[in-house]
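Everything below concerns the one structure shown next.
Every number here is computed from the coordinates shown, using simple stated rules; none is lab data. No experiment lies behind these values; they were computed from the predicted model shown. Cβ placement follows ideal geometry from the backbone for every residue including glycine, while neighbour counts extend to all protein chains displayed.
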Amino acid sequence: MENLVISEMEKDALGEIMNISMGSAATAASELLSAKVWITTPQVEVAKLCEIHTEKFEPAVCVKIEYIKGISGANLMVLRQDDVQLILNQLMGMPLVVTPDFEFDELNVSAVSEVMNQMMGASATALSDFLGVSVDISTPTPYIMDHISLAELQDFDSEEVVCAINFNLTIDGVIQSEFKSVMGVDLAKKIASKVLGEVAEPAPAPAPAPAPAPEPVMQQPAAQPAPQAMPQQPMQPQMPQQQMPMPQMPMPQMPMPQMPDQSAYGYPPYGYPPYGGYPAPQPMNVQNAQLHSFESPELNLSGSQKDNLQLLMDVPLKISVELGSAKRKVRDILEFTQGTIIELERQAGAPVDIIVNGNLIAKGDVVVIDDNFAVRITEIIKSKLIDTLSKE
């Protein structure tokens, strides 16, 4: 491992680029969690894996990110389980409290993977812009661990030198904590080398040394054209005698046939006066469209029918909006507590049902007006209620 030692300049460069990339990750997390997120103050530590202390993060959630394009290697993110629980509560709109009975089931693990995918995807994009190469990552893989064993996750040797970077993590109103990023020294050196602008093969640089050899050779032919230029000077007074009849030639008028082709595009050729010699475009006759006015249809009702219909207009009807429904067994309902999530049969974004006196009459989208829920009607459903009213 002697050739994989990171210098102080490389450590500073690595901390700077990781600070920039994690800043983009914080922006992505802010949009996802609807809260301000700060990831700052990276502290780079290069030591043997057995000397990297991770006990304060236990029990932990370790997320493995593989770089599959641009750069190769893996990055292990280590976070506390309590911090991840608060992040998931913020994401799902749950109370921001740590509960001992919280379980990282399939749904929660999938949510952790999605949050890290959004954050590290933004980090990879910032890394691409900074390094000038396209960087892509695989889908992050979370691991729920009571005792952290980084050697098992990345096949590190306990005596292998790795690079660990500590970050301060602050989510407004949620947590104020820290997390750790661990990567191999080879990946850290690749990133630092690209930042510092180092080239993998600097040896060809002294190749231009033999260039001075041809310089004296170039000076000899430089003296030869000087005597050759002397016989060409007496030829110049004879040239104007031959050029005298040339102005009568019609050759300079050759570019003119191109003008009709260029004027066909609606503008004169460059260098010529506007529409010089060509007819100007005729003005277009533009008129406003004449739209027919439609009056509201009138029902062919008798006098008594109109009076009866007018009486119905003042009858109050109860309007309700149904978001969705679900079926659960009695034993499941008895286990409902504060914070229980009930999944409905209706998909997210689907229109809701608008019900009047128990009859479905329309469908619509839920909107918010002045902090109040409302519904926008998008479809009228033909129902017995509407048919009954129309026949009255």
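The order of L91, L76, going from fewest to most other C-beta atoms within 10 Å of their C-beta, is L91, L76. Other residues whose C-beta falls under 10 angstrom from the C-beta of E159 contribute a net charge of -2, scoring Lys and Arg +1 and Asp and Glu -1. Quick note on region 320-368: its Rg to Rh ratio, both from C-alpha atoms and Rh being the Kirkwood radius, is 1.05. Positive contributions from Lys and Arg (+1) and negative ones from Asp and Glu (-1), summed over other residues with Cβ under 13 Å from the Cβ of A29, come out at -3. Over region 67-112, with a single point scatterer placed on each C-alpha, what log10 of the ratio I(q)/I(0) does the Debye formula yield at q = 0.19 1/Å? For region 67-112, the Cα-only Debye profile gives -0.66. Spin-label model, Q305/S113: points 7 Å from Cα along the beta carbon direction are separated by 6.3 nm.
In what sequence do Y143, Y67 fall when counting other Cβ within 10 Å, fewest first?
Values: Y143 16, Y67 21.
Least to most surrounded, the residues fall as Y143, Y67.
A Cβ-based charge dipole, computed about the Cα centre of region 303-391 with Lys and Arg at +1 and Asp and Glu at -1, lands at about 400 debye.
Each of R328, R346 was scored by other Cβ atoms within 10 Å of its Cβ. Listed from fewest to most, they are R328, R346.
Say the cut-off is 21 Å between C-alpha atoms; which of K48/K69; K11/K69; K64/K189; K48/K190; K64/K180 go over it? Display every interim value, and only then the final one.
Values: K48/K69 27 Å; K11/K69 23 Å; K64/K189 19 Å; K48/K190 19 Å; K64/K180 12 Å.
Beyond 21 Å between Cα atoms: K48/K69; K11/K69.
Every pair of different Cα atoms in region 303-391 enters the Kirkwood calculation, which places the hydrodynamic radius at 16.1 Å. Once the Kirkwood radius over Cα pairs is known for region 1-152, the Stokes-Einstein relation at 4 °C and 1.567 mPa s delivers a diffusion coefficient of 77 µm²/s.
Along the axis of the charge dipole computed for region 2-196 (Cβ charges of +1 for Lys and Arg, -1 for Asp and Glu, origin at the Cα centre), the listed residues L150, V182, T170 are led at the positive end by T170. Rounded, prolate or oblate: which fits region 1-52 when a ≥ b ≥ c are the square roots of the eigenvalues of the alpha-carbon gyration tensor, with rounded for a/c under 1.5 and prolate only if a/b beats b/c? Prolate is the answer for region 1-52, as a/c is 1.5 or above and a/b outweighs b/c.
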